[in-house]
Each structure stands twice: as C-alpha cells, then as structure tokens.
Amino acid sequence: MSRTLSQLASIKVDALSGLTPSKAKSLNELGIESVLDLLTFYPRRYVDRSRQILLRDAKLGQDILVVGDIVKISDPRRTNSKKAVVDVLISDGSSRLFCTFFNQPWRKKQLENESQVAVFGKLTSFGGKLNMVNPVVDLIGNQTGKIIALYPSSEKSNLTNLMVSNLIAEALDRSKEFLDPLNAKYLLKNNLLTRTDALRNIHFPETIDMVKKARERLAFDELMRMQLPLLLKKRRIQNSNRGYRCEFESSDNILKSKGSLKDLKGTVGNFIRSLPFDLTESQIRVIKEILVDMSKPYPMHRLVQGDVGSGKTVVAVCCLIAATQNGYQSALMAPTEVLAEQHYLNLLNMANNLSTKSLKTTESEMFFADSDLKIALLTGKLTKKHRDLVLEKIKSGDIDLVIGTHSLIFEGVIFKNLAAIVIDEQHRFGVEQRSLLLSKSNHPHTLTMTATPIPRSAAMTVFGDLDQSILSELPKGRTDVKTFWVTDSDQAQVWKKVIDETEKGNRAYVVCPLIEESEKISVASVNQAVEELLDGPLKGIKVGVLHGQLPASEKLQIFDDFLKGVFKVLISTTVIEVGVDVKDATVMVIMDADRFGIAQLHQLRGRVGRSDKESYCYLLTKDRLLNDTAVSRLKALVDSNDGFKLSEIDFALRGFGTLMGTKQKGRSDLKLAKLPQDEKLLIRVKAFLEDILLNDPELKDSDFGVFLKNEVAVFYTDEDTDFLFKS
Ligand code: ADP
Ligand code: MG
C-alpha cells in the first residue's frame, strides 16, 4: 500500500520503535511531531565518504576528508599569545593526524565520548607530523554508508545524528512506498525522481548527484503545493462569469493591434488625447491589457508593477474612467491624504479638460466638479456635513468616481454600482483593508499597483493569483537621478547644491531619519534638523516643515505651498515617501540614510527626477563605521536607478521570508525550495499545474486533483485552503 502525506501527518512519531519519552520530547522541540515532520526534517549537509582519502595516500597542501578513530584529546592549553588550543589525535588505520583547534576549548567536551569523526581541511605538516588546523568536524558515530546525511539536530539536543538517521530509516522502511501525484510519463519526460526515490535519497543517497535530484523533486512538490491554491483561485474567478462587463465601442481592433490608443472612442480616448504627452509603449500595452480584461464577463484581478515615475497614475485613471464610461462607478484608494488629494486634483484637472461644461467648484461643494464626470474626494478630513453629502451621492450614483484614503472602507460608504477598484501603493494596505474595499461590490474589477517592483519569483509566489502587467520603461527624456553617498563631514557640498538649485527655481526635499519607535521622536528630530539648517547652511531659505503629527489640512496646505514654490525646501519625515509628484523638485537629501531599506530609499529618490531636469540625490550618513548590509544598500542605490534590479538586491539581502510575510500562516512548507534560485523550477511547476487545470479546472475529475487538494490542506491553514474545497 502506498502512503499519502496526509496519512503520514496523522501518525505520531511515538509510534516508532525505541523512542523514549525524553527523545520524543527532544524531537517535539525540533518541531517534529508526526512521521511526516520527521521525513521532511531534511539534512543540513552531507559527508561524502566516497571522497574520503587515506592519510597514507594524501599529499601535503591538499584539502581532504579523513574519517578516523579518536586516539587522544588534550586538555585545553594556552599558547604564548593566550589562545586556547585543543589537540586531537586521530587515526585512520593508515596513519595518524594531529588536529589543532584554536579558540575552541569546547571541542574537548564535544569529542570526549565520540569514537569516530570525519574531519575536513587542508593537510599540513608540523614538527614532522601530519597536521590539520581548525578542520570542519562532523560527528558521524558509527554510521556507515558512502554518503552520510548530517541533521541540524545533533548539536543542540540529546539526539545524536545516528539516532535521527535511524528513526528516519525506520519511518522510510515502514512507509515503503509513497503515493505519487505525478505520473510515470511526466516524471520520465521531466527527468524527475518518484516521490519514494526522492524521500529515500534525500536521507540516504547513493551519490551526491542523487541528492541534487532528490532535492529538485521535493522542491517541485513544495512549489506545487504553494502555487496550486493561487492558480485555482485565479481559474475559479475566470470561470465565474460574474462581473461588470465593460464595452468599448469599435475598440476590438485597437485593443488587439499594436498601434496607439489615440483612436479609441469615449472618455478613455478623450482622456488619452487630452494628455500633454504621448504614452510610453509600456503604458499603451498595459492599458490595453486592462481594457481587454474589463471587457471580459468575469472580474479583472491585475497587478501593475512599475518603477517609480513610470507613469502608473495614467494607467490607473484609464481603468477608472473605463468603468464610468460604461455607466458604472469606480474608486481609487491611496495610502495617504496628501496622495489622495494629489490624485484628486489631477483628476479634476483632467475632467476639466474632458468636460464640455466648465469646471465649477463652489464653497459648499468644493469637492465636486460639475462636469460630465463627477468626482469626489473622501478622506478623514471632511466635515460631517460634507461627508454625509458625499456618502449620499455615492449611494445614489450621483458620483461616478471616488478618490479616497482608508476612509473608503468604512461601513457607511455604500456604492450604487461599483465596477472598478484601483489600489495605489498596495503594500501600504493590509490584506484585510484591501478585501474590505473589495466587499463594497460583487465581483468588481480590481487593479493593484505596487510602489516598487518586486522580483519575478516573488511576484509569482506572493501574487500568483493575479495577472501581472509590467511598466518596463520610464517616459522619454528622464535621466538617472545622480546619487551620492556623503558623510557628515563632507556635507557642505550637499547644502551648496540645495541652494544652487533653489536659486534656479527648483525645489529640494530634506528627509529626516526614520524613527520607528516613536512618532514623537521623529518630530523632534525634524524640528532639530530645521533649527540646525536654518541657523546654518540654509539660512534665509523659505522652508516648509512636514510631519505625520500635523493635522491633515495643515499638511495639505504646506504641501501645496511647496508645490507652488512658496517654500523652496521641504523638510519632512517619510510622509512624502510615496507617490507625490512635484515636477520642479530636483534635489533629495536623505539624512541618516543607513536607517532606510533599499525600497524606501528608492521611493524617496523617486520624488525627484520627475521631469527632464537633471536631479540629484544625497544619502547622508554619520562619520562612523556602518554595518555591511547598510553599506551594501547605500552602494546599490549609488550604482543603480533601476528599481527591478534594486529589488533583486534587496531580496538577496533580506531573504525571501520577509516577503512571504503573513501569506503563509501554516507550517512552513518551503524547506528545500529557495527563491529566487529556484525560479526556473517554479516556472516549470506553474506550467505543469496550468496544464492540469485546463483539463480539470475544479480538480474534481481526476484522482490527481482530489489527491493534491488533500495534500495542500496538510501544509496550509484553513484560511489558505478554504476555497479549495468550496465550489
Ligand atoms: P508613478 O508610476 O511613480 O506613480 P506617476 O504616475 O506619478 O508615476 O508619473 C510620474 C510623472 O510622469 C507624472 O508627472 C506624470 O504626469 C508623468 N508622466 C506619466 N506618463 C508620462 C509619459 N508617457 N510621458 C511623459 N510624462 C509622463
Ligand atoms: Mg504613483
């Protein structure tokens, strides 16, 4: 009988022979409770005894693996320079080897009760005797076999490597065969091991090459289990046939052909024709993707990735007015009031260009444009009276398009027929906030926009259920922002540049250190910076000060003054991090830049260089030694203006886990698969699953489908898999 993983998950390790309660407890402490946990407790390394060499045959200067018996261990002694030294004499039958351990006094205790060890290092000679200094040591007990798997347990607990290995051998023996979701034909074609062979060879490999193959197969399964729910969700949406189907008159040819969008009829076409610039190729491509999606009978779920300044807003607006043009409502949610207001003003302007009537904003209704397209702003700063009015008009359908902040998700906001939702800077919202907005309508089209690009493998993993569009170019004429890393003692040049640029009529930002612990301290640091700068290098310059604790209306006023040039320099906390667009801003100074992450620095830098004017970014740090990763981050920024490239570096520095974040609440199933290294494998897995889903979209018709669904449920929580079992 072949075992399934769900069966193995239900058998406790206590069922294995010779497992004392104290050993069982040690296993539990390592997170091993079931036989499945044990079988997926993978080796950390291997000792390849086929590479073992007899001391008699080895040459001096060679890196060699020696396996031998411990003959003698010295007590820790001190050298003249006070270093602790332990000498261990081992014999492999052909000759003897002195291993000298510097600064590892614990070796005595570690090796005292061991018989056999494997040591790896460079063979030298000292005083006429064979010697190895600080070799890598593996305690392999009396384990035999050509390749010995080493488990991460043995150093921390009372379980020796041999015990773990024996338990796994027993579990493998008693399980015999594992039921394989992949059929023989596919395995053969793709040169993959069976699950049974893979599980055996990851623990008891014949050759190191087999370890690689076993790893590949098991990683395939991990990625398959992770991708399946995402792809299934996507399929299910596409098959739902429920959604707001939009029509674009005579657009078929335009959307499917390569040309521009200038001949498009209706509001979207008018909007594009009214822009003071030509769309980039990328913008045209992505807008087409969106309009094609919206003309389908099921809802769009699309993620737009584009570097800072690539022109995501225009794309978002096309989506919003594509819905209103079809008689539906649409909404855009932005993470800050400043950004919402900016989007709103932009849209009013555009609406003004589009409208046949003139734009009229009265005192009492200053948030309405009396145009064909009725737009409202909904943020926390509205008075109750005003807010009630806006809410009423959203409900009655008098308002077509709403721009807002988190205020949009409150209960009182009820739409008449909300068909399209755009979420700007999606990473600033929680999963819950996003889904609350979605719940304002049945099956709305949704467009999610990222502030900074994320690497492809991460996007496939975290956003595997979304279709993806990439804005791969910046508008013509943009040049890289010249970026410099400057320490405090050299900062005079920075302020000189700020003054030079403001004298030319341009503007500068100064961003103060990010202080996560307390907004109060952030404000204090801003105030201190203001004092020092106004007393010193920026004396006489008109400066605005912005931080999160100011009332919203004041923030908007200050920002507006900066935009208009009343203030030449804006000193602020990171509230300006996302989205804001001031074309005349040409200098960005970031204080204590080592405290920021790569994505954030790139976002901040993206506030300048938003026209064809030459722009500058200064990363200021104190005159002290920084840690290595901070240095890597700063250097990456100086070297590159490419957000996609920077995100790869960021990813490599921070690891994959941070990105997965809360997505995967269950046990961590990605034990062997590593991203982005396994990106190619991930792509194979995806193609494989898509093929399956094509024939069996609900995974009900094939044994494979049911089987795999159950397997996914073993590794992921109910929340992740709920919809797997719903139809
Ligand atoms: P982001 O992708 O960072 O959100 P925005 O949408 O704010 O970028 O666009 C950045 C700036 O570039 C804005 O001032 C916008 O008006 C301008 N812009 C957008 N598309 C183009 C284009 N095709 N040609 C020239 N300028 C453009
Ligand atoms: Mg933006």
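Within the stretch 442-479, the residues that satisfy the criterion of being closer than 17 Å to residue 243 by Cβ and surrounded by 23 or more Cβ atoms within 10 Å (Cβ to Cβ) are 444, 445, 447. Looking only at residues in the stretch 407-432 that are part of a helix (DSSP H, G or I) and polar (S, T, N, Q), the one that is nearest to ligand 1 (Cβ to nearest atom) is 426. Looking across the stretch 391-419, the residues that are open to solvent by less than 50 Å² (accessible area, probe 1.4 Å) and over 15 Å from residue 330 (Cβ atoms) come down to 391, 405, 407, 409, 412. Within the stretch 311-322, the set of residues being open to solvent by less than 10 Å² (accessible area, probe 1.4 Å) and within 9 Å of ligand 2 (Cβ to nearest atom) comprises 316 only.
Residue-by-condition table, conditions (1) at pLDDT 90 or above; (2) hydroxyl-bearing (Ser, Thr, Tyr); (3) part of a helix (DSSP H, G or I):
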| residue | (1), (2), (3) |
| --- | --- |
| 560 | no, no, yes |
| 566 | yes, no, no |
| 580 | no, no, no |
| 594 | yes, no, yes |
| 600 | no, no, yes |
| 604 | yes, no, yes |
| 611 | no, yes, no |
| 614 | yes, no, no |
| 619 | yes, no, no |
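Pairs are defined by a Cβ separation below 7 Å, a sequence spacing of at least 6 or placement on different chains, a first member in the stretch 692-707 that is within 19 Å of residue 234 (Cβ to Cβ), and a second member that is part of a loop (DSSP other than H, G, I, E, B) and open to solvent by 100 Å² or more (accessible area, probe 1.4 Å); the pairs so defined are 698/727. With respect to the conditions (1) in contact with a helix residue (DSSP H, G or I) (Cβ under 9 Å, 6 or more places away or on another chain); (2) touching a residue at least 24 places away in the same chain (Cβ under 8 Å); (3) more than 9 Å from ligand 1 (Cβ to nearest atom); (4) over 23 Å from residue 454 (Cβ atoms), residue 334 lacks only one, and its number is (4). Restricting attention to the stretch 200-230, the residues that are surrounded by fewer than 18 Cβ atoms within 10 Å (Cβ to Cβ) and within 21 Å of the chain's Cα centre (by Cα) total 0.
Residues being over 30 Å from residue 460 (Cα atoms), open to solvent by 30 Å² or more (accessible area, probe 1.4 Å) and basic (Lys, Arg) are represented in the stretch 623-633 by at least one member.
Listed here are the strands (runs of 3 or more DSSP E) enclosed by the stretch 60-132 that have at least 2 residues being open to solvent by 30 Å² or more (accessible area, probe 1.4 Å), more than 27 Å from residue 142 (Cβ to Cβ) and touching a residue at least 40 places away in the same chain (Cβ under 8 Å): 124-126.
Would you pick out the residues in the stretch 311-329 that are more than 17 Å from residue 264 (Cα to Cα) and away from ligand 1 (no atom under 12 Å from the Cβ)? Scanning the stretch 311-329 gives 327, 328, 329.
For the stretch 634-645, a tally of residues being free of Cβ contacts under 8 Å to residues at least 60 places away in the same chain and open to solvent by less than 60 Å² (accessible area, probe 1.4 Å) returns 2.
Taking residues in the stretch 374-395 that are more than 20 Å from residue 346 (Cβ to Cβ), and partners anywhere that are acidic (Asp, Glu) and open to solvent by 50 Å² or more (accessible area, probe 1.4 Å), the pairs with Cβ atoms closer than 9 Å and at least 6 places apart or on different chains are 386/365; 389/365; 392/398. Looking at 589, 582, just one residue is in contact with a Leu (Cβ under 7 Å, 6 or more places away or on another chain), open to solvent by less than 10 Å² (accessible area, probe 1.4 Å), in the same structural domain as residue 485 (by TED's automatic domain parsing) and within 14 Å of ligand 1 (Cβ to nearest atom), and that residue is 582.
Filter the stretch 292-310 down to the residues that are crowded, with 24+ Cβ neighbours inside 10 Å and more than 16 Å from ligand 1 (Cβ to nearest atom) and list them by number. 294, 299, 300, listed by residue number. Suppose we filter 470, 541, 515, 521 for residues that are away from ligand 2 (no atom under 16 Å from the Cβ) and modelled with pLDDT of 90 or more; which single one remains? None of the others qualify; the one that does is 541. At least 3 residues being without any contact (Cβ under 8 Å) to a residue 24 or more places away in the chain is the threshold, and among the helices (runs of 4 or more DSSP H) wholly inside the stretch 1-54 those reaching it are 21-29. Are any of the residues in the stretch 491-501 in contact (Cβ under 8 Å) with a residue 12 or more places away in the chain and under 26 Å from the mean Cα position of the chain (by Cα)? Checking the stretch 491-501: not a single residue is in contact (Cβ under 8 Å) with a residue 12 or more places away in the chain and under 26 Å from the mean Cα position of the chain (by Cα). How many residues does the stretch 271-290 hold that are more than 7 Å from ligand 1 (Cβ to nearest atom), buried (at least 21 other Cβ atoms within 10 Å of the Cβ) and touching a residue at least 40 places away in the same chain (Cβ under 8 Å)? The qualifying residues number 4. Output the number of the condition that residue 431 fails; it satisfies all remaining conditions of (1) open to solvent by less than 40 Å² (accessible area, probe 1.4 Å); (2) touching a helix residue (DSSP H, G or I) at 6+ places or on another chain (Cβ under 8 Å). Every listed condition holds for residue 431 apart from (1). Looking across the stretch 521-574, the residues that are surrounded by 19 or more Cβ atoms within 10 Å (Cβ to Cβ), more than 18 Å from residue 506 (Cβ to Cβ) and of a type in the set (Ser, Thr, Tyr) come down to 522, 573, 574. Tallying residues that are in a loop (DSSP other than H, G, I, E, B) and at pLDDT 90 or above within the stretch 444-465 yields 1. Look at the stretch 593-612 and say how many of its residues are open to solvent by 10 Å² or more (accessible area, probe 1.4 Å), more than 16 Å from ligand 2 (Cβ to nearest atom) and touching a helix residue (DSSP H, G or I) at 6+ places or on another chain (Cβ under 9 Å). Qualifying residue count for the region: 3.
In summary, helices (runs of 4 or more DSSP H) completely within the stretch 171-252 and bearing 2 or more residues that are in contact with a helix residue (DSSP H, G or I) (Cβ under 8 Å, 6 or more places away or on another chain) and either among the aliphatic types (A, V, I, L, M) or within 25 Å of residue 706 (Cα to Cα) (or both) occur at 195-203, 208-238.
Only one entry of 658, 721 meets the criterion of being out of contact with any Asp or Glu (no Cβ under 7 Å at 6 or more places or on another chain), more than 18 Å from residue 225 (Cβ to Cβ) and either at pLDDT below 80 or in the same structural domain as residue 221 (by TED's automatic domain parsing) (or both), and that entry is 658.
The values are calculated or read from the model by the stated rules, or taken from the named source; none is laboratory data. All values derive from a computational prediction rather than experimental measurement. So basically every Cβ, Gly included, is an ideal-geometry build from the backbone, and we count neighbours across all protein chains shown. What goes into the accessible areas is simple: the full protein's heavy atoms, side chains included, and nothing from ligands, DNA or RNA. Shrake-Rupley method; radii C 1.70, N 1.55, O 1.52, S 1.80 Å.
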